[in-house]
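Have a look at the structure below before the remarks.
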Amino acid sequence: MNAITEAGFAPLDIARQLEQVLYREARLLDEERWDDWLALMEQDIHYWMPAVENRRRADRLGAWEPGRGAYFDDSMRELKIRVARFKQPSAWAEDPPTRHVHVISNIEVHATQAADTFCVHSTFVNYRSRGESDNDLLLGRREDLWRHADGCFRLARRKILITQSLLMSKNLNTFF
């Protein structure tokens with residue numbers, strides 16, 4: 001996202017449209033409509049969730065940076081592979097399926113230097129439940145780039161920053 005400079009808030013009609021797109025995306029994930037979710041992506045998507053390290057404020061390395069480790073660092077190819085895996089009968093970790101609830105909030109939509117591209121900040125809660133006792137609550141922030149073309153918005157970049165200092169989930173069989 002560093003290459004795109006925020007240029008103030010986007011017009012209200014664009015912001016409302018993108019807000020609805022984010023809510024629809026959450027519903028598609030909750031309903032396991034992964035192919036419809038993938039259709040929201042640009043072909044050059046970069047879906048990135050860096051591993052956040054606990055470091056002191058004075059540490060010049062910082063908590064995360066590209067190339068240092070990530071839970072996800074996916075292109076469209078990797079996203080399609082993950083979706084295909086969820087659909088396989090051999091995906092025993094998803095049978096019975098995990099139940100998801102994605103809650104999206106604190107949405108801010110900013111214009112960028114490119115007229116058809118918008119920077120969208122949001123927060124999320126991803127509650128997952130599987131079996132009798134497997135429950136996970138994942139919280140974080142997202143920083144997206146959405147492009148508008150041919151009458152619809154498509155996700156070009158997503159950076160996901162979770163707030164947990166130690167990820168205690170048994171797996172990350174989810175999208176954010």
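Read-outs: derived from the displayed coordinates by stated rules, not from any lab. Treat the numbers as computed from the prediction; the structure is a model and nothing was measured. Methodologically, a virtual Cβ is constructed for each residue, glycine included, from the backbone with ideal geometry; neighbour enumeration extends over all protein chains shown.
On the beta carbon distance between LYS170 and ALA114, with R0 = 25 Å, the FRET formula returns roughly 0.05.
In this structure the amide hydrogen of ALA70, modeled in the peptide plane, comes within under 5 Å of the amide hydrogens of ALA51, none closer than 5 places in sequence on its chain. When the chain is treated as a GNM with alpha-carbon contacts under 10 Å, the residue of ALA58, ALA111, ALA156 showing the greatest mean-square fluctuation is ALA58. Each other residue within a Cβ distance under 15 Å of ARG27 adds +1 if Lys or Arg and -1 if Asp or Glu, for a net charge of -4. Take the Cβ atoms of GLN20 and ARG60, set R0 to 35 Å, and the FRET efficiency comes out at 0.30. Which one is right for this structure if log10 I(q)/I(0) by the Debye sum over Cα atoms at q = 0.08, 0.18 Å⁻¹ is calculated from it: [x] -0.30, -1.21; [y] -0.26, -1.30; [z] -0.22, -1.25? Only one option fits the structure, namely [y].
Cα convex hull, the stretch 114-155: 76 Å³ per residue, rounded to a whole number. About its Cα centre, the chain has a charge dipole of approximately 460 debye under the convention of +1 per Lys or Arg Cβ and -1 per Asp or Glu Cβ, with nothing else charged.
Cβ-Cβ distance of ASP13 and GLN43, R₀ of 30 Å, FRET efficiency by 1/(1 + (r/R0)^6): the value works out to about 0.70.
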